[in-house]
Amino acid sequence: MTEPAFLSLHAEDPVTRPAWLIPLEAAPAAFKTTLGALKDCSIPYIIVGPELVREQLDQDTPLASIVHGGAITPQLIDVQRWLAEFHVPTLVLVEALTDHYEASLLDRGARDVVGIPASTRKLRSRLDALVRSERIEPVRSSLPDLISVAGTIDIHLRQRTVDVGTRRVSLTKSEFQILLALALSQGDVVPRSELSVATGKANLSNRALESHISRTRMKLRAAGAPDCIDSVRSIGYRLQAIQ
């Protein structure tokens, strides 16, 4: 009997939303290890078929997601892109992982990427890190709801959205966090290491960070904003003007 594509396996935690476990050509043994790690971490989850991800995102977003693949396929790339568009922190598990594929998936918005098969201990540590920050609501009482950058870019903290004039800018969660960190620095240089932490990926490579910055600049320019993110050689980045 074939399992339904959308199957609830754990009761929803009263404090958090469940995570989504999205299987794509997952080897049975590796998938079983992942299920065990989720259970060990007491992470509530539901299994969502890849063909239903886009539809379900229109209705609700999960605490986090685990994309459990075999090889990297166009379908896996599509699923990761949809999750990134909705700012869902995602752990991607794939076979035959190379540095190139890891960097590519991180650049596309994945929170973390792990090659499988992997030990239960390794998966537990990555799953814990994935959901830890999502379970802790940041204290924002001292921050304004709206931060304006360079006179034209509006960052809305509660909605976690960015507008340039009347145009909405679609940023990934990492891109939003980077822009917010730069805005809160009020023109001071923010070291690369601090921007990496802001994305939730303390071990983010310089190449991946530069990719996030480049895409953020491109999206802001496309919406009509001036170039306002400066690179400070060998140190980090800053915003030209804050108001």
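The values are calculated or read from the model by the stated rules, or taken from the named source; none is laboratory data. Every value quoted in this text rests on a predicted model; they were computed, and no experiment measured them. Glycine also receives a Cβ, built like all others from the backbone with ideal geometry; neighbour counts cover every protein chain displayed.
Below are the figures for this structure:
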| quantity | calculated |
| --- | --- |
| Residue match in the range 147-161 (condition: modelled with pLDDT of 80 or more and touching a Pro at 6+ places or on another chain (Cβ under 8 Å)) | yes |
| Qualifying positions in the range 212-239 - loosely packed, with under 13 Cβ neighbours inside 10 Å, touching a Lys or Arg at 6+ places or on another chain (Cβ under 8 Å) and farther than 11 Å from Val190 by Cβ | Asp227 |
| Residue satisfying condition, being more than 28 Å from Val114 (Cα to Cα), surrounded by 13 or more Cβ atoms within 10 Å (Cβ to Cβ) and not assigned by TED's automatic domain parsing to the domain that holds Val88, within set Ala150, Ala198, Ala181, Ala208 | Ala150 |
| Residue within the range 21-31 that is farther than 29 Å from Val169 by Cβ, part of a helix (DSSP H, G or I), modelled with pLDDT of 85 or more and out of contact with any strand residue (DSSP E or B) (no Cβ under 7 Å at 6 or more places or on another chain) present | yes |
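Listed here are the residues, each with its yes/no results for (1) in the same structural domain as Asp112 (by TED's automatic domain parsing); (2) crowded, with 24+ Cβ neighbours inside 10 Å; (3) touching a His at 6+ places or on another chain (Cβ under 8 Å).
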{"position": "Gly49", "(1), (2), (3)": "yes, no, no"}
{"position": "Arg54", "(1), (2), (3)": "yes, no, no"}
{"position": "Thr61", "(1), (2), (3)": "yes, no, yes"}
{"position": "Ile72", "(1), (2), (3)": "yes, no, no"}
{"position": "Asp78", "(1), (2), (3)": "yes, no, no"}
{"position": "Trp82", "(1), (2), (3)": "yes, no, no"}
{"position": "Val92", "(1), (2), (3)": "yes, yes, no"}
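Quick grid of which residues meet (1) part of a helix (DSSP H, G or I); (2) touching an Asp or Glu at 6+ places or on another chain (Cβ under 6 Å); (3) closer than 22 Å to Glu95 by Cα:
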position: Leu35; (1), (2), (3): yes, no, yes
position: Leu38; (1), (2), (3): yes, no, yes
position: Ser42; (1), (2), (3): no, no, no
position: Ile47; (1), (2), (3): no, no, yes
position: Glu51; (1), (2), (3): yes, no, yes
position: Arg54; (1), (2), (3): yes, no, no
position: Gln59; (1), (2), (3): no, no, no
position: Pro62; (1), (2), (3): no, no, no
position: His68; (1), (2), (3): no, no, yes
